[in-house]
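Just so it is clear, none of the values below were taken in a lab; they were calculated from the coordinates. Because the structure is predicted, anything quoted here is derived from the model rather than measured. Cβ coordinates were reconstructed from backbone atoms using ideal geometry, including for glycine residues, and neighbour counts include every protein chain displayed.
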Protein chains: 2
Amino acid sequence: MQVYTAPKLNKVKVTSDFWKRYRELVVKEVLPYQWKVMNDEADISIAEDPQNNGQDKNSHAVANLKIAAGEMKGHHYGFPFQDTDVYKWLEAAAYSFGYHPNPDLKKITDNLIDLIAKAQDDDGYLSTYFQIDAPERKFKRLQQSHELYTMGHYIEAGVAYYNATGNEKALDIAKRMADCIDNNFGLEEGKIPGYDGHPEIELALSRLYEVTQDKKYLDLAHYFLTQRGQDPAFFEKQIKADGDSVDRDLIPGMRDFTREYYLAAEPIKDQKVPHGHAVRVVYLCTGMAYVARYTGDKDLLAACDRFWNDIVKRQMYITGNIGQTTTGEAFTYDYDLPNDTDYGETCASVGMSFFARQMLNIHAKGEYADVLEKELFNGALSGMSLDGKHFFYVNPLEADPAASKGNPGKSHVLTHRADWFGCACCPANLARLIASVDEYLYTESGDTILSHQFIANDAEFDDGIKVSQTNHFPWSGDIHYEIENPNDASFKFGIRIPSWSASYELKVNGGAKTLPVKDGFIYLDVDGKSLTLDLKLDMSTKIMRANNRVSHDFGKVAVQRGPVVYAAEQADNEAPLWLYQVSPDAKTDYHFDEKLLDGVGVVKVAAKREKLDSDEANLYTEAKSEETENVDLTMIPYYAWANRENGQMSVWLNR
Amino acid sequence: MQVYTAPKLNKVKVTSDFWKRYRELVVKEVLPYQWKVMNDEADISIAEDPQNNGQDKNSHAVANLKIAAGEMKGHHYGFPFQDTDVYKWLEAAAYSFGYHPNPDLKKITDNLIDLIAKAQDDDGYLSTYFQIDAPERKFKRLQQSHELYTMGHYIEAGVAYYNATGNEKALDIAKRMADCIDNNFGLEEGKIPGYDGHPEIELALSRLYEVTQDKKYLDLAHYFLTQRGQDPAFFEKQIKADGDSVDRDLIPGMRDFTREYYLAAEPIKDQKVPHGHAVRVVYLCTGMAYVARYTGDKDLLAACDRFWNDIVKRQMYITGNIGQTTTGEAFTYDYDLPNDTDYGETCASVGMSFFARQMLNIHAKGEYADVLEKELFNGALSGMSLDGKHFFYVNPLEADPAASKGNPGKSHVLTHRADWFGCACCPANLARLIASVDEYLYTESGDTILSHQFIANDAEFDDGIKVSQTNHFPWSGDIHYEIENPNDASFKFGIRIPSWSASYELKVNGGAKTLPVKDGFIYLDVDGKSLTLDLKLDMSTKIMRANNRVSHDFGKVAVQRGPVVYAAEQADNEAPLWLYQVSPDAKTDYHFDEKLLDGVGVVKVAAKREKLDSDEANLYTEAKSEETENVDLTMIPYYAWANRENGQMSVWLNR
């Protein structure tokens, strides 16, 4: 195992037009909007979905904290993990300060830190659900309680807020939480030999270790990962002790999921493929990757590799979305990738980005950055509308308003983004990913700086090294680098050659150069004062197919250009979309339309379309070669779908 | 509206090898097996499915009757409609006496009639669930109680038993039930202005009217049909009055279905398309067709026509199966026909056969007999294994054991028939259809005898007229008729030309004759003493396609020969089945294999198959024209699938 030292990167400023738009949207729309919702001040409606849980107000998330802090009277409202909406929002706000200082917002967030500190119990515990309405049940039903998950999200936020602002109180709250957990969990006499039903604390403690360098936090994270599944009956035993009746459940129905669902049926080192809730899996994997790197635990690293391989090679949609079924928002089985009943939770794509990011710290392999890029430009980004105020929880690859309305098996598939959700985990999760995208661009290893993404940026490293990347990515594949090396440091600069770019051209200081691609990277020696690189990636539009083990994609093609996966929408094409047939060698035409959908690359694909049969025709007739007409199918980036009128959408097209 | 007089048919003896096998199976295996199960004496396991309701014994259905009759102590067990399993079985037994006298069985059924009579309340009421455990709640939660449904099933059985055996007690129980219902329901002061959540009583009362000619039963049936939906809040009001809390529900979750689901949102005459539970719909339609015919109610007839048209043209699988979603076993919407999440309940196909049969009494149109034939040879018949002791509740058109196990959205799709079900409505329902198939072969109208099916039989009519049909259908399309007309009666003989037979050849007394097809029939004048007809139907194997409004079948073909729809099974073909591609003009080869699956016609279809991609290959790659190899795909009749080793099955093949 190749262990990299901590990055010596000092500062990254994202200059990409594409990402600046999104990052400013986070500041101007997303954060203010979400704060309003969480304070129950927004005039919105909650999506009718199975996660709704009967919730009929905005959120109550801030109110819960105020009640726990003694500033308000009342009961807890919402899910046991309602607090995390606030924490993820706080974390996003913290990141935003790095590129958009904002004193008004900082007043709010400083006050929020004070509120959280006030809500925290003396022993460091903080979960408003239990503090307000069930103090006697703390840590007693971990399958469902999300207590460590909840505190984990605060710890992440606290670390980010401390890093961004230097606010010691924010970090102190996190440390006190971690200490509380450390005092309550472990194999020592009197402690709980268990773990949370929803992984998160493992990665959070790792981040706390990074900032504090206090090894007890790493050890605690390690404990949670190795203890998981050692006693497969742990959750059931807790439930029995806490009162077995169904009306004691914290979240109805959650006891019905299997041990595998909770990744607790056996120790992780023995689990062959990831099962269960997609978000649980990728959060767990992220924690494993952190801890494997810092501890050298080979079992955990092997599990990371194994799970990664299964997800990416057998259970991931072409858009990067994961989790194929609405039942438990879960993985199903290898090569089962239905497009119209897909779950593809936004949070799962965000979590997959975390996992990929951590794997880049372990192995210098381009495939991690490939997947990360896939999420950033497709499956994760699709979770938010262009106005920053509407969100998808579920990201289908095929949508039809008639189906979502008429077939209960597809009722979870919204065809327009919602204002908010009863379980509102996704909106702020995506906000924190966008606001921290600068942290996903480089890793360093010994004498090598690796550039993973083509998100234009200005970066400053130790020794006065500066790297400036400019481009119009993802619309253009012309990538320009300027490297300044004022002190004549000697280092290598690695650039990822994406898997979607079958070929590339490179000029170094104006001269063509051919370099071998090693594990997805080309490496240049930098030893002069400056270096100019011009990389030309293959941006031709590709007609893609799935491995033919995927029954749902057999006989279908998808369209991809660069990292961007395309979708056909009824807004541009006469429905039904399934009548269009695209051949593997179809002619395509690309243009950038700055007026459309805040500026997107549009692909026109030559297609054949059958004439729609009459609705009075027989349902079944003898087949013959059907007449078709030649038409152009207009496709837009998947992330931008459902920003116009409600209608059908499809990523996969009949062949 | 053309109203036919009652059939003057006296007797039909089924001589078809195909159907004799099934009908003897009913006598030798199905009836004894089901009696054993209903008496809790079978060593079986109940299918794990959502209908299971936690049931862990065989059935308890006979025991419930014994408890209600005071012959046993204990509580009711099973669904509120558990009694109907016994009644449908009794009805099947009654039909079986018509072709297989069976004194031993008759002792059992006579005793059963005595038991039922003993269980019946003095006022005629009989529903053991309420009699045993909730007498104070009779008729108080009709949305869920199934009381009229339950008594309706007895009435059908009682009528059949009386017709078969002359047992007056059997008919008397039925009349007393109907009188009880008549005393309790109606718009008169003090009566309940409502109806049952599950239609059935309407068709049952019509059958009681047929045998008794007592018009009050027809009026009562008519009342239930016209009153339905007049007060859309009827069920909710009852629930409120009976105690609104969820734990008072008779069947958990049933209150969550919409008024449309119960066909009670508006009067039937105003309902444009059928919604909700497929079985409820077709039972209602059957009742409407009976009552429309006997009363001349044009609104009801229009509803029959409208619902028929929507089901057959827009919501029926090629196998005749109906009900596209497991959620409520229900219809979804026009042209939504997913093959792998299909419900296609066996009972719904049985009910659709009832509906078709009654429509044949109204309109002399071949399409009703076409659909009936489709059910008899495909969608309904598929509900039972060749051994008569295993049953499908759900009949998918595409099955994969990996999917049923691994994707919760397909967990309702069994890939092997079960011993029995918690909700065991289907097994005996199919038994009564098979045992009464002789009643589906002819209708009479004025001077015309219509022959609907090519199920070989000897039939005797008034005036000494005899019709003998011989053939090896469905494997051969050579149909031979001998008509004896000893008294030189003058009448017309109509023969259905099935929609699947684009052409036909006819010889009358050896001489070729061409006749026009009118609404699916050809008509011959019979005026001599005898007539020999030789009809040659088009039995060529057809490659079929669906109306291209059906997204799930687009780019796919199915194989049909005569009325028999074919399926590819993994037992004959290397999986995965989706890799096979069949063109509309594929060469096919047919042979009869008497050793296979108790004798079936086998179709070999020339196909191309892609080589299976490696499971280490990338999930997504650039599409190109893939290499294929030429292979023969072996297909067997759909009704006979899942009688060998567990594996994939598919009706629709990629094109």
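Along the range B:151-160, what does the Karplus equation 6.51 cos²θ - 1.76 cosθ + 1.60 (θ = phi - 60°) give for ³J(HN,Hα), rounded to whole Hz, x for Gly and Pro?
Here the 3J(HN,Hα) series is 5, x, 5, 5, 4, 4, 5, x, 5, 5 Hz.
Can you give the Kirkwood hydrodynamic radius of the range A:281-415 from its Cα pairs, in Å with one decimal?
Over the range A:281-415, the inverse of the mean reciprocal pair distance is 15.3 Å.
Calculated FRET efficiency, residue B:133 and residue B:534, Cβ-Cβ r, R0 45 Å, to nearest 0.05? Intermediate results must be reported in sequence, preceding the final value.
Numbers: r = 62 Å, r/R0 = 1.37.
My answer for the efficiency is 0.15.
Partner chain Cβ atoms within 10 Å, averaged over the residues of A:402-412 - can you pull that number for me? Write out the running numbers ahead of the final one.
Details: counts 6, 5, 0, 2, 9, 10, 7, 10, 6, 1, 0.
Neighbouring Cβ atoms belonging to other protein chains average 5 per residue here.
Tell me, what is the percent relative contact order of chain B, built from C-alpha pairs under 8 Å that lie six or more residues apart?
Working: 1375 pairs, mean separation 89.8, N = 655.
Answer for chain B is 14 percent.
So the label point sits 7 Å from Cα along the Cα-to-Cβ vector; using that for residue B:236, what distances do you get to the other copies, in nanometres, sorted shortest first?
Values, ascending and in nm: 4.2.
In peptide A:311-319, what is the residue-averaged number of other protein chain Cβ atoms found within 10 Å of each Cβ? Working shown, then result.
Details: counts 1, 2, 5, 3, 1, 2, 2, 2, 0.
That average works out to 2.
Measuring from a point 7 Å out along Cα→Cβ, what nm distances, shortest first, does residue A:43 have to its partners in the other copies?
With the label placed 7 Å along Cα→Cβ, residue A:43 yields 7.2 nm.
Each residue of the range A:519-536 in turn: what ³J(HN,Hα) in whole Hz from Karplus with 6.51, -1.76, 1.60 and θ = phi - 60°, glycine and Pro shown as x?
Coupling constants for the range A:519-536: 6, x, 10, 10, 10, 10, 7, 10, 9, x, 6, 7, 8, 10, 10, 10, 10, 10 Hz.
Using θ = phi - 60° and the Karplus relation 6.51 cos²θ - 1.76 cosθ + 1.60, list the HN-Hα couplings for the range B:488-499 in order, rounded to whole Hz, with x at every Gly or Pro.
6, 5, 9, 8, 9, 10, x, 10, 5, 9, x, 5
Could you pull out which residues in the range A:244-280 have an amide N less than 11 Å from a spot 7 Å beyond the Cα of residue A:219, following the Cα-Cβ vector?
Answer for the range A:244-280: none.
Which GluC sites (Glu not before Pro) in the range A:488-585 pass both tests, a DSSP loop state and at most 16 other beta-carbon atoms within 10 Å? Walk me through the numbers on the way to the answer.
Values: sites: A:505, A:569, A:574; in loops: A:574.
Here the sparse-neighbourhood loop sites are A:574.
Shortest first and in nm to one decimal, what separations exist between residue B:305 and its copies in the other chains, measuring from label points 7 Å along the Cα-to-beta-carbon line?
7.2
Which cross-chain or sequence-distant (5 or more) residues have an amide H under 5 Å from the amide H of residue B:497, H modelled 1.01 Å from N in plane?
B:521, B:522
What number comes out for the charge environment of residue A:109, summing +1 per Lys or Arg and -1 per Asp or Glu over other residues with Cβ under 12 Å away? Write down the numbers at each step before the final one.
Numbers: positive: A:106, A:107, A:169; negative: A:91, A:104, A:110, A:114.
Local charge sum for residue A:109: -1.
Just the Cα atoms of the range A:195-348: what Rg and Dmax do they give in Å?
According to the Cα coordinates of the range A:195-348, Rg and Dmax are 16.0, 47 Å.
What FRET efficiency comes out for the pair residue B:246/residue B:644, r = Cβ-Cβ distance, R0 = 51 Å, nearest 0.05? Walk me through the intermediate numbers first.
On the way: r = 44 Å, r/R0 = 0.87.
For residue B:246 and residue B:644, the calculated efficiency is 0.70.
Tally Lys/Arg at +1 and Asp/Glu at -1 over every other residue whose Cβ is under 11 Å from the Cβ of residue B:26; what's the total? Don't jump to the answer; show the numbers that get you there.
Values: positive: B:20, B:21, B:23, B:28, B:432; negative: B:24, B:29.
Taking every Cβ under 11 Å from that of residue B:26, the sum is +3.
Compute the length gained on full extension between residue A:73 and residue A:482: take 0.36 nm times their separation in residues and subtract their Cα-Cα distance, giving the result in nm to one decimal. Please report the intermediate quantities before stating the final value.
Details: separation 409, 0.36 × 409 = 147.24 nm, distance 5.82 nm.
Full-extension gain reported as 141.4 nm.
Sorting B:386, A:250 on the 10 Å Cβ count, fewest up front, what's the list?
Values: B:386 20, A:250 23.
Ordered by Cβ neighbours within 10 Å, fewest first: B:386, A:250.
7 Å from Cα along Cα→Cβ at both residue B:614 and residue A:405: what's the point-to-point distance in nm?
Taking the simple label geometry, residue B:614 and residue A:405 are separated by 4.8 nm.
Tell me the mean residue ellipticity at 222 nm calculated for the protein assembly as shown from its helices only (DSSP H runs of n ≥ 4, each -39500 (n - 2.57), averaged over every residue, nearest 500). Working shown, then result.
On the way: 36 runs with 428 residues, N = 1310.
The per-residue figure over the protein assembly as shown is -10000 deg cm²/dmol.
Report, in listed order, any pair from A:624/B:272; A:11/A:518; A:88/A:169; B:365/B:542; B:13/B:175; B:169/B:389 with a Cα-Cα distance greater than 25 Å. Please report the intermediate quantities before stating the final value.
Values: A:624/B:272 33 Å; A:11/A:518 27 Å; A:88/A:169 17 Å; B:365/B:542 23 Å; B:13/B:175 30 Å; B:169/B:389 31 Å.
Flagged as over cut-off: A:624/B:272; A:11/A:518; B:13/B:175; B:169/B:389.
Find how much the distance from residue A:624 to residue A:179 grows on full extension, using 0.36 nm per residue of separation minus their present alpha carbon separation; answer in nm with one decimal.
Numbers: separation 445, 0.36 × 445 = 160.20 nm, distance 7.16 nm.
Additional length available on full extension: 153.0 nm.
At R0 = 56 Å, how high is the FRET efficiency between residue A:519 and residue B:591 if r is their beta carbon distance? Nearest 0.05 is fine.
On the way: r = 56 Å, r/R0 = 1.01.
The formula returns an efficiency of 0.50 here.
Which of the GluC sites (Glu not before Pro) across the range A:74-155 are loop residues per DSSP, with 16 or fewer other Cβ within 10 Å? Walk me through the intermediate numbers first.
Values: sites: A:91, A:136, A:147; in loops: none.
Counting only loop positions with at most 16 other Cβ atoms within 10 Å, none of the GluC sites (Glu not before Pro) in the range A:74-155 qualifies.
How do B:281, A:517, A:413, B:246 line up, fewest other C-beta atoms within 10 Å first?
Values: B:281 28, A:517 14, A:413 24, B:246 10.
Ranked by crowding around the Cβ, least crowded first: B:246, A:517, A:413, B:281.
As a footprinting exposure proxy, order B:17, B:247, A:613 by other Cβ within 10 Å, with the fewest listed first. Display every interim value, and only then the final one.
Values: B:17 13, B:247 6, A:613 19.
In order of increasing Cβ crowding within 10 Å: B:247, B:17, A:613.
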